[in-house]
Amino acid sequence: MKFATLRDGSPDGKLVLVSRDARSALPVPQVARSLIDAMARWDEVLAALIAHDQALNAGRAEGVITFDPLQCMAPLPRAPQWLDASAFLNHGRLMEEAFKTPPIPHFDTVPVMYQGASDDFLGPHQDVPLPSEQEGIDFEGEFGVVIGPVAMGATPDEAMRAVRLVVQLNDWSLRALGPHEMKTGFGFLQAKPSTAFAPIAVTPDELGEAWRDGRVQMPLHVQWNGERFGQPHGGEMNFSFGQLIAHAAHSRRLTAGCIIGSGTVSNVARTAGSACIAERRVIEKIDLGEIRTGFMRFGDEVRMQACYEDGRPGPFGMVQQRVVEVS
């Protein structure tokens, strides 16, 4: 199944099922008021959602509307928790090499993760208001999963069984603020503005062979101001989503609707390009001896879309956003 959330003036929006060709949508208020409502009552509403999804795709549903991504909020406009990892170790190793920083202890065996803001996610086509160009405005292309309840101490296999939906996201960063916040030992706060999401969240079966080994096996195509920036592949995750969820649940239970992010998609091959500006900058420092690429300016646009291996657009839709000065 494919889900989206349309703006209706409420904080959690209106839940719709999206057809497989992403041209039509079916509101299902009789089943769940919102996606967070559906997540909380997943076992109770699953059969009804499947029935409505089948009717939608068979052309038998009543009340079908045209699906318009421009009207979409994030699939989950707010969530109980947003936990973002750094599961592509190449990204961290590049940072260490470029800036000669000490290696993070157990980086290869224990996932790195922070808890971000989850109360105000951005939709796929919303402008992104930010305070200053001097704070190092950067995009970060990622994949993520929305989970059901997970018990404290769950194993990676148990955690994988809690995956309900897969999402594509843009985890905005203000790079000039990050170093100070990391040194405090308390983690990111100002350096992490609201995260944005592609319009459609999908059940793992919608990905077919592109969902394998607890990873999204798809390249994430990124453009900055209309020019190719990179297309790194999600299959190079060093930790699976099962491992990430289990890490988050080590000392606390996780509730339905929590979102776990992969961290910036990053590949060892330079030809893949990058999914964030910071990574391109460190590659320039390593390979060319100097940083040549600046961060984003107000008015700049970023576009992200995961695609199948054969080049077909993936099921998540597109993130297309412009950064603007906060008014």
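The values are calculated or read from the model by the stated rules, or taken from the named source; none is laboratory data. On a predicted model such as this, the values are computed, not experimentally measured, just so you know. Neighbour counts are summed over all protein chains in view; Cβ atoms, including those assigned to glycine, are modelled from backbone coordinates with ideal geometry. All accessible areas refer to the heavy atoms of the entire protein, side chains included, with ligands and DNA or RNA removed. Shrake-Rupley method; radii C 1.70, N 1.55, O 1.52, S 1.80 Å.
Structural remarks
- Verdict on PRO199 being open to solvent by less than 10 Å² (accessible area, probe 1.4 Å) and either in a loop (DSSP other than H, G, I, E, B) or more than 23 Å from HIS250 (Cβ to Cβ) (or both): yes
- Strands (runs of 3 or more DSSP E) contained in the range 217-294 and holding at least 1 residues within 23 Å of ASP108 (Cα to Cα) and in contact with a helix residue (DSSP H, G or I) (Cβ under 8 Å, 6 or more places away or on another chain): 259-261
- All positions within the range 24-49 that are part of a loop (DSSP other than H, G, I, E, B), of a type in the set (S, T, N, Q) and under 25 Å from the mean Cα position of the chain (by Cα): SER34
- Looking at ALA87, ALA55, just one residue is buried (at least 23 other Cβ atoms within 10 Å of the Cβ) and either within 19 Å of GLY144 (Cα to Cα) or modelled with pLDDT of 95 or more (or both), and that residue is ALA87.
- The lone criterion from (1) under 17 Å from the mean Cα position of the chain (by Cα); (2) closer than 18 Å to MET113 by Cα left unmet by GLY230 is number (2).
- For the range 153-196, the tally of residues that are farther than 19 Å from PHE239 by Cα and of a type outside the set (Gly, Ala, Ser) stands at 18.
- Condition check for LEU94: in contact with a helix residue (DSSP H, G or I) (Cβ under 6 Å, 6 or more places away or on another chain) and of a type outside the set (Ser, Thr, Tyr): yes
- The set of residues in the range 150-175 being over 21 Å from SER266 (Cα atoms) and either in a loop (DSSP other than H, G, I, E, B) or free of Cβ contacts under 8 Å to residues at least 24 places away in the same chain (or both) consists of ALA151, MET152, GLY153, ALA154, THR155, ARG161, ALA162.
- Annotation: ALA61 fulfils all but one of (1) open to solvent by less than 50 Å² (accessible area, probe 1.4 Å); (2) farther than 30 Å from VAL282 by Cα; (3) within 18 Å of the chain's Cα centre (by Cα); the unmet one is (3).
- Residues of the range 218-273 that are of a type in the set (Lys, Arg) and touching a residue at least 40 places away in the same chain (Cβ under 8 Å): ARG228, ARG252, ARG253.
- Members of the range 3-28 that are open to solvent by 10 Å² or more (accessible area, probe 1.4 Å) and touching an Asp or Glu at 6+ places or on another chain (Cβ under 6 Å): LYS14
- Here PRO105 passes the criteria (1) open to solvent by 20 Å² or more (accessible area, probe 1.4 Å); (2) modelled with pLDDT of 95 or more; (3) of a type outside the set (A, V, I, L, M, F, W, C) except the one numbered (2).
- Among the residues listed as ALA246, ALA272, ALA278, the single one being over 22 Å from ASP84 (Cα atoms) and aliphatic (A, V, I, L, M): ALA272
Results for (1) closer than 30 Å to GLY208 by Cα; (2) open to solvent by less than 40 Å² (accessible area, probe 1.4 Å), shown as yes or no for each residue.
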| site | (1), (2) |
| --- | --- |
| ARG281 | no, no |
| ARG303 | yes, no |
| CYS307 | yes, yes |
| VAL319 | yes, yes |
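- Meets criteria (touching a strand residue (DSSP E or B) at 6+ places or on another chain (Cβ under 7 Å), over 19 Å from MET318 (Cα atoms) and either surrounded by 18 or more Cβ atoms within 10 Å (Cβ to Cβ) or of a type outside the set (Phe, Trp, Tyr) (or both)) for ALA191: yes
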